[in-house]
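Data first, discussion second: the structure below is written as structure tokens.
The values are calculated or read from the model by the stated rules, or taken from the named source; none is laboratory data. Just so it is clear, the structure is predicted and the values come from calculations on it, not from any experiment. Cβ atoms come from the backbone with ideal geometry, glycine included; neighbour counts cover every protein chain shown. SASA here: full protein model, heavy atoms, side chains in, ligands and nucleic acids out. Shrake-Rupley method; radii C 1.70, N 1.55, O 1.52, S 1.80 Å.
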Amino acid sequence: MNRLSAENVTLAYEQRVIARELSVEIPDNSFTVIVGPNACGKSTLLRALSRMLRPSEGRVLLDGQVIHSLPAKKVARTLGLLPQSSVAPDGITVADLVARGRYPHQGLLRQWSPSDERVVQESMERTGVAELADRYVDELSGGQRQRVWIAMALAQETPLLLLDEPTTYLDIQHQLDVLDLCAELHEEHGRTLVAVLHDLNHAARYATHLVALRGGEVVAQGAPRDVVTAELVERVFGIRCQVIEDPETGTPLVVPAARKARATTP
């Protein structure tokens with residue numbers, strides 16, 4: 001049994017239905033990436049998996065139990081989330097925001113400890129924001145703020161980590177740094193990661209498991225080398241392409257057809 005799954009869920013915002021009878025299983029110890037065109041339901045699915053959105057039908061299971069039936073703090077000790085848009089409280093420093101990731105581990109009998117301090121420091125160092133510890137979050141650039149939020153998610157130390165577009169606002173170097181960090185958390189620390197990414201080539205390079213959505217439906221899921229084909233890319237994204245082997249990693253690499261070639265498509 002996988003720790004996290006969605007069974008026949010219908011997801012909606014008020015009367016607007018995003019997905020119907022959608023089922024997904026997140027393989028344990030995987031780096032799962034959800035891909036698809038804009039407005040296909042990627043972030044909505046992630047919100048449902050993280051308990052932020054209650055399905056109108058069906059259920060999301062965490063460790064075999066309906067996730068909304070579990071105490072919030074228990075979920076927070078098991079599953080961490082980096083949402084797409086995060087707003088920090090006014091006047092909070094980087095170190096204080098990252099420290100909030102330790103909240104699920106606090107309680108009446110367990111207060112702040114040297115271990116908490118170590119985890120916060122290590123999380124800031126891993127994401128390259130340790131030198132910003134005393135800066136106010138609202139003074140930082142978009143890319144710096146994004147890395148601070150990732151540091152807070154890391155400080156939560158959950159076996160499951162969900163990230164909604166974690167490379168937003170980042171230049172190419174920092175995009176790769178963040179994805180390298182995700183791969184390290186998966187490969188060396190045994191965490192199960194689920195991320196929404198827009199860049200299909202990044203997804204194919206880093207993921208161990210891909211879920212391709214279109215129109216609120218799962219079109220394909222599996223290992224990138226099995227899922228990423230020219231036919232799949234055209235079906236999901238509506239573009240003609242070639243899929244070749246990435247010379248650096250051996251993973252699928254999508255090469256879109258040139259503009260003139262696309263213009264002559266019947």
*Report, for region 122-240, the % of DSSP beta bridges that are antiparallel, rounded to 5.*
50
*Springs between alpha-carbon atoms under 10 Å, Gaussian network over the chain: tell me which of VAL94, VAL196, VAL254 tops the mean-square fluctuations.*
VAL254
*Under the rule of -39500 (n - 2.57) per DSSP H run of 4 or more residues, summed and divided by the residues of the chain, what mean residue ellipticity at 222 nm is obtained, to the nearest 500 deg cm²/dmol?*
-9500 deg cm²/dmol
*Between GLU57 and GLU231, what is the label-to-label distance in nm when each label sits 7 Å out along the Cα-to-Cβ direction?*
3.0
*Name the residue, out of ILE150, ILE92, ILE18, whose mean-square fluctuation peaks in a Gaussian network model built on the chain with Cα pairs under 10 Å.*
ILE92
*asked:* So if a site counts as exposed when it's one of the GluC sites (Glu not before Pro), its DSSP state isn't H, G, I, E or B, and it has at most 15 other Cβ atoms within 10 Å, what's the longest stretch of the chain without one?
replied: 15-187
*asked:* Using each residue's phi in region 80-85, evaluate 6.51 cos²θ - 1.76 cosθ + 1.60 at θ = phi - 60° and report the 3J(HN,Hα) Karplus result to the nearest Hz, with x for Gly and Pro.
replied: x, 9, 10, x, 5, 10
*Relative to the longest principal axis of the chain, what angle (0 to 90°, nearest 10) does the C-alpha long axis of helix 114-126 take?*
30
*Label-point separation (nm) for ARG240 and ARG259, each offset 7 Å from Cα along Cα-to-Cβ?*
1.7
*Once the piece of chain linking SER86 and GLN65 is laid out straight, how much longer is it, given 0.36 nm per residue of separation minus the C-alpha distance between them?*
4.8 nm
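Based on the alpha-carbon gyration tensor of region 108-237 and its eigenvalue square roots a ≥ b ≥ c, which shape applies: rounded if a/c is under 1.5, prolate if not and a/b is larger than b/c, or oblate?
It is prolate, given that a/c is not under 1.5 and a/b is the larger ratio.
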_For region 153-255, accessible area per residue (1.4 Å probe, heavy atoms of protein chains only), Å²_ = 45
*With every protein chain present, what accessible area does CYS40 have (1.4 Å probe, heavy atoms only), rounded to the nearest 10 Å²?*
0
*Ignoring the sites themselves, what is the longest stretch of the chain with no trypsin sites (Lys or Arg not before Pro) in a DSSP loop and at most 15 other beta-carbon atoms within 10 Å?*
1-109
